[in-house]
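First up is the structure itself, then whatever we jot down about it.
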Amino acid sequence: MKHYDAVIIGFGKGGKTLASELAKHGKSVAVIEKSPDMYGGTCINIACIPTKSLVHSSNERKYLEAPKNEFYKQAIEEKDKLTSFLRDKNFHMLDDKERITVITGEATFVSDDKIQVKTKEEQFEVKAEHFFINTGSSPITPPIDGLKNADLVYNSTTLQNLDTLPEKLIIIGGGYIGMEFASIYANFGSEVTVIDSNKELLPKEDRDIAEEVKKVLEAKGIKVEVNSKVESIKNENGGVVVTYRVNNNSVELHGSAVLLATGRKPNIENLGLENTSVKVNERGAVVVDDLLKTTANNIWAIGDVNGGPQFTYISLDDFRIVKGQLFGDGSYSKQERSNIPYSVFIDPVLSHVGLNEKEAKEKEIEYKVVSMPAAGIPRARIIKQTEGLLKALIDPKTNAILGCTLLCAESNEMINIVRVAMEAKLPYTFLRDTIFTHPTMSESLNDLFSKVD
């Protein structure tokens, strides 16, 4: 039996940051990660970092006349080199600390205060005062006829291991993950078709934004089939055939690879939560309160596994909540978390914070709306990325910024400026009159907010 002050199950952003904080306060910590390929967590190894490396490489491919298969293989190698470097760095960042032990193995709860750990070499039990579940999420595999026997079918993790560019890529699922991969692989030179079951593209977005996204995708040669239900997948002549139904018609689509971009689920398999007083909801997420504590008094759940927004920066913010309870005044909770921004790295990037028009109407919130095309931004002309639309909602009574959507180059940086202004409760006039350097994409916020009557 081994004893620690704290055990963190999973090596994600929130968990690894918490491990360092606990050690700094003199606590003995064990971080248990079942795969040596996942040191550092989902973001570093299979999500944010590698996919954005591919985004960058694919954008370069647009402007180069390099053979596409050779260029793609190099991009995969560069991505692998980057993730390998970060994985090693993250391992040593924790394991080299005197009070932290990284254990490569699978952890299963035996009770609220004890787990069993199984490594390649041994099996043993661990007791701790506090446990933190930080096991992340994984791709959902939908029930599709023939899927189990079909080759050339990948998820968002396994597709990144493919070093041969698919000539024809079929993406099942038109959400944000599907859109990112569609843009990446179209830029690399694949012929891409997206099959989406929703009645309209990106249903959570305003229709004018969604229409602009559609134009961007179509300009890349990406075909999007909405309101379509996939019926079966099968191997055929060295490729793969996807049969789907659209407008009561059955369509067969031939491809060289299929990407399942059908969402992600919390990783709770084999955790042994049934042996504890920890509850799980109908979506398979660990139930937590506003302080991220589970229904067991000594166990917390942070990151994707607790069913919150699946962003690495939310996992980091989960750390802040737990840190406040353990070493602060405990005043910060999920209740204080607001205006969570996001960016979808299609080309150009789609970024959003706060309310959009659709949500404002549903909530019967009064607003003014302003918009402008990205083509009107000098910087966009210089970098030859003029596609897109900028849009903001303003409270007509208080002049507060209610929300902002930016479909334009470098919007992933710009949206953070808007979010800071919203969190500081500054009126839209602050961004309208702020001095920005020129020529930049950020200065377009002057022009966008100058349109408010």
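Couple of notes before you dig in:
- Matching residues, segment 234-264, being closer than 30 Å to Gly10 by Cβ and surrounded by fewer than 18 Cβ atoms within 10 Å (Cβ to Cβ): Gly263
- Residue match in segment 84-100 (condition: buried (at least 18 other Cβ atoms within 10 Å of the Cβ), touching a Pro at 6+ places or on another chain (Cβ under 6 Å) and polar (S, T, N, Q)): no
- Some residue of segment 127-139 being surrounded by fewer than 16 Cβ atoms within 10 Å (Cβ to Cβ) and either within 24 Å of Lys214 (Cα to Cα) or touching a Phe, Trp or Tyr at 6+ places or on another chain (Cβ under 9 Å) (or both): yes
- Residue selected from segment 259-296 under the condition not aliphatic (A, V, I, L, M) and not in a loop (DSSP other than H, G, I, E, B), by the criterion nearest to Lys168 (Cα to Cα): Arg264
- Qualifying residue in segment 390-397 (condition: touching a His at 6+ places or on another chain (Cβ under 9 Å) and over 20 Å from Asp206 (Cα atoms)): no
- Test: residue in segment 311-330 that is closer than 30 Å to Val216 by Cα and out of contact with any Gly (no Cβ under 8 Å at 6 or more places or on another chain): yes
- In segment 349-362, the residues that are surrounded by fewer than 20 Cβ atoms within 10 Å (Cβ to Cβ) and either of a type in the set (S, T, N, Q) or without any contact (Cβ under 8 Å) to a residue 12 or more places away in the chain (or both): Lys361, Glu362
- Taken over segment 179-202, the criterion of being in a helix (DSSP H, G or I) and under 29 Å from Val369 (Cα atoms) is satisfied by Met179, Glu180, Ser183.
- Condition check for Val117 on (1) closer than 25 Å to Gly284 by Cβ; (2) outside the structural domain of Pro67 (by TED's automatic domain parsing); (3) not in a helix (DSSP H, G or I): one failure, at (2).
- Exactly one residue among Ile365, Ile382, Ile346, Ile377 is aliphatic (A, V, I, L, M), farther than 30 Å from Leu291 by Cα and loosely packed, with under 15 Cβ neighbours inside 10 Å, and that residue is Ile382.
- Helices (runs of 4 or more DSSP H) fully within segment 351-431 counting 2 or more residues that are touching a strand residue (DSSP E or B) at 6+ places or on another chain (Cβ under 8 Å): 357-362, 411-423
- Options Gly26, Gly14, Gly10, Gly105: the member that is loosely packed, with under 15 Cβ neighbours inside 10 Å and touching a residue at least 60 places away in the same chain (Cβ under 8 Å): Gly26
- Condition check for Tyr63: farther than 30 Å from Gly26 by Cα, surrounded by 18 or more Cβ atoms within 10 Å (Cβ to Cβ) and hydroxyl-bearing (Ser, Thr, Tyr): no
The values are calculated or read from the model by the stated rules, or taken from the named source; none is laboratory data. Not measured: the values here are computed from a predicted model. Every residue, glycine as well, gets a Cβ built from its backbone with ideal geometry; the counts of neighbours run over all protein chains shown.
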